[in-house]
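Contents: one structure, followed by commentary.
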Amino acid sequence: MKTFWQGQVKQSIKYKKGSSMVMLGIIFTAFAICIMGAIGVARMLTVRSECEVFGRVWTKAILSEYDKHLIDDYGIMAYFGNEADVQRKLDLYLKYSSANKLAVSIGDSSSELYGYELGDPKNFRKALNSSLLPSMAESIINGNKRTKRFNSDDENLGSRNIRDGVVISTLPSDGIKNTFDIQDFIENSKAGISSPKIFNEFKGLSAELAFIKKYFGSAVTSTSDKPCYFQNEMEYVLIGKLDDGSNQKSVKRRLFLIRNSLNLTSLYKDPDKLKLIVSAAEIITPGPGGVITQALIAEAWALCETESDMND
């Protein structure tokens, strides 16, 4: 009986030792799996962090390949390229930076430039404002070697126009209708620059006006000897027609209407000039018809001043 119970005890101890070994094996295996998992996660985070850091360097390196002609001609720094070029360069940088590092598996990169083109007026305005450094303010206001043209009136109109449908469709102004209201402008201009509407519009456009004055030529002045497609660049910006001569004619017509209206308003606000107009009208047509004569005389006077202003 004693021998039987001794055998049972020995067998029980043997089973416990076997269970402990199995348990320890499971614990060590689980611990090893956790360590391997931690190493894998740390490796992944390291690679991801490296890619994020290098990615900023790659993209800055690519975007620093600015269009030299654009910055030389207009002071605007912008990247010249497309998504395919950027993706190809990113792949080259990625493979170079990841070579022989943690045996990483390299996939394909991607890029998206849509929405950042300078063809979008909003993006162009941002680039324009960034290019106007305080140190350039004086040179911008004074103009950039602006010289007077000595062409005849016929030559001044220019003879170039854009007919290529592809070029027209890629212009930022394609499909945008002109909403300029001359009469509304005249009414607001009568109040002068102190008018809130005129002041806010002028403040918002001041950078663009300074930019245009510095870099764009017109029918009467030029900024450089470098040839450009349109001679009347300012007129093209203001009107937006695809014909050089039509742009100048439209600008002259608008200036004439605006200036004539303001000159007429100025005459009626000047007591001395108004007396002269009334006196002359009474001499020519005494009686009720004098009112019409007054208007004709005032308009003729305004037209003469407007012609002089236009020549200036």
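Kindly evaluate R88 against the criterion of being modelled with pLDDT of 85 or more, of a type in the set (D, E, K, R) and either in a helix (DSSP H, G or I) or surrounded by 13 or more Cβ atoms within 10 Å (Cβ to Cβ) (or both). Yes. If you go through region 209-230 and keep only what is in contact with a Leu (Cβ under 9 Å, 6 or more places away or on another chain) and over 17 Å from G75 (Cα atoms), you end up with just A219. Checked against (1) modelled with pLDDT of 75 or more; (2) surrounded by 13 or more Cβ atoms within 10 Å (Cβ to Cβ), R43 passes all but condition (1).
Could you tell me whether any residue of region 255-276 is out of contact with any Lys or Arg (no Cβ under 8 Å at 6 or more places or on another chain), in contact (Cβ under 8 Å) with a residue 60 or more places away in the chain and open to solvent by less than 60 Å² (accessible area, probe 1.4 Å)? Yes, region 255-276 contains at least one residue that is out of contact with any Lys or Arg (no Cβ under 8 Å at 6 or more places or on another chain), in contact (Cβ under 8 Å) with a residue 60 or more places away in the chain and open to solvent by less than 60 Å² (accessible area, probe 1.4 Å).
Applying the condition of being part of a helix (DSSP H, G or I), within 15 Å of L70 (Cβ to Cβ) and not hydrophobic (A, V, I, L, M, F, W, C) to region 115-130 and asking which residue is most open to solvent (accessible area, probe 1.4 Å) yields K126. Of the residues making up region 91-114, those that are in a loop (DSSP other than H, G, I, E, B) and either in contact with a strand residue (DSSP E or B) (Cβ under 6 Å, 6 or more places away or on another chain) or farther than 20 Å from E65 by Cβ (or both) are A99, N100, K101, L102, A103, V104, S105, I106, G107, D108.
Counting only residues that are in a helix (DSSP H, G or I) and either open to solvent by less than 70 Å² (accessible area, probe 1.4 Å) or hydrophobic (A, V, I, L, M, F, W, C) (or both), how many does region 46-82 have?
Final tally of qualifying residues: 18.
When restricted to residues that are open to solvent by 90 Å² or more (accessible area, probe 1.4 Å), touching a residue at least 12 places away in the same chain (Cβ under 8 Å) and on the phi > 0 side of the Ramachandran plot, region 91-114 contains 0. The residues of region 260-297 that are in contact with a Phe, Trp or Tyr (Cβ under 7 Å, 6 or more places away or on another chain) and either at pLDDT 85 or above or not in a helix (DSSP H, G or I) (or both) amount to a single one, L267. Among the residues of region 216-237, the one identified as surrounded by fewer than 19 Cβ atoms within 10 Å (Cβ to Cβ) and assigned to a helix (DSSP H, G or I) is V237.
The values are calculated or read from the model by the stated rules, or taken from the named source; none is laboratory data. Note that the structure is a prediction, hence the values are computed from the model and not measured. Every residue, glycine as well, gets a Cβ built from its backbone with ideal geometry; the counts of neighbours run over all protein chains shown. When the accessible area is computed, the model is the full protein with side chains, heavy atoms only, and any ligands, DNA or RNA have been set aside. Shrake-Rupley method; radii C 1.70, N 1.55, O 1.52, S 1.80 Å.
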